[in-house]
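> Quick one: the structure is below, questions incoming.
The values are calculated or read from the model by the stated rules, or taken from the named source; none is laboratory data. If you're wondering where the values come from, they're calculated on a predicted model, not measured in any experiment. When we count neighbours, we look across all protein chains shown, and the Cβ atoms used for this are built from the backbone with ideal geometry, even at glycine. Areas reflect the complete protein model, heavy atoms only, side chains present, ligands, DNA and RNA absent. Shrake-Rupley method; radii C 1.70, N 1.55, O 1.52, S 1.80 Å.
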Amino acid sequence: SFAEVEKVMTQAIQHHPTSAPLHYILGTSLHHQKKLYDALKVYLHGETLDPTHLLIQGNIAAAYQGLGRSADAIAYYERVIPQMPHDAGIRNNFGALLGTMNRKDEEVYWLKEALKLDPTLEHPMINLAGHYQDEGLLTLAREYALKAMNYNQRSRLLLQLRYALMLSPISFTYNNM
């Protein structure tokens, strides 16, 4: 469990306090436990130990995003994305952040960039499905939701329910309704 990882990494850092990779792992375990303030603190300390550790910087962006500190998250994403040209996950996260800021065109751009790098990554598919559903483009929303279902057996039922509930807010004909 992530709590066990936290315990082991805390002990490991006591023996190797200048190890950025150990701070990265500890921060990630805290992040997965939704302890975002603690994770951010650990990531920021890890960054001081190794300012070139790109995974730490990407997770700092995600922690800021989770804490609602969008400007700080954007600053980190913009710094790290050019240095991580093959990371689909970071592009997905950046796109999702931009979507929450109502920067819809940029959201779609980065989510599609993520899928170019990894066409099987479910998160950008789900995010695009949500975007298109919000925009009332239900055909595109369904397309991305169905793709996500093919790659995610864990959340398949949830995705099927979401797909089934993708109703147009206005039914133009009785048959559509």
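> Identify all residues within the stretch 1-41 that are touching a Ser or Thr at 6+ places or on another chain (Cβ under 6 Å) and either open to solvent by 70 Å² or more (accessible area, probe 1.4 Å) or closer than 19 Å to Leu54 by Cβ (or both); write none if there are none.
Matches in the stretch 1-41: Phe2 only.
> Take the conditions within 28 Å of Met101 (Cβ to Cβ), basic (Lys, Arg) and outside any helix (DSSP H, G or I) and apply them to Lys41. Does it pass?
Here the answer is no, as Lys41 does not meet what is asked.
> Continuing with the same structure: Scan the stretch 96-108 residue by residue and report those that are open to solvent by 30 Å² or more (accessible area, probe 1.4 Å), within 15 Å of Gln65 (Cβ to Cβ) and part of a helix (DSSP H, G or I).
Thr100, Glu106
> Return the pair list, or none, for Cβ contacts closer than 7 Å from residues in the stretch 114-126 that are in a helix (DSSP H, G or I) to residues that are open to solvent by 70 Å² or more (accessible area, probe 1.4 Å), at least 6 apart or on different chains.
These pairs meet every condition: Leu117/His86; Glu122/Tyr151; Met125/Lys147.
> Which is among the hydrophobic types (A, V, I, L, M, F, W, C), at pLDDT below 95 and at negative phi, of Ala71, Ala39, Ala141?
On inspection, the qualifying residue turns out to be Ala141.
The rows are residues; the columns are (1) open to solvent by less than 50 Å² (accessible area, probe 1.4 Å); (2) within 25 Å of Ser19 (Cα to Cα).
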site	(1), (2)
Arg79	no, yes
Trp110	no, no
Glu113	yes, no
Leu121	yes, no
Leu128	yes, no
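> How many of the residues making up the stretch 108-142 are under 18 Å from the mean Cα position of the chain (by Cα) and charged (D, E, K, R)?
The qualifying residues number 5.
> Among what's in the stretch 45-74 and is farther than 16 Å from Gly89 by Cα and among the polar types (S, T, N, Q), pick the residue that is surrounded by the most Cβ atoms within 10 Å (Cβ to Cβ).
Ser70
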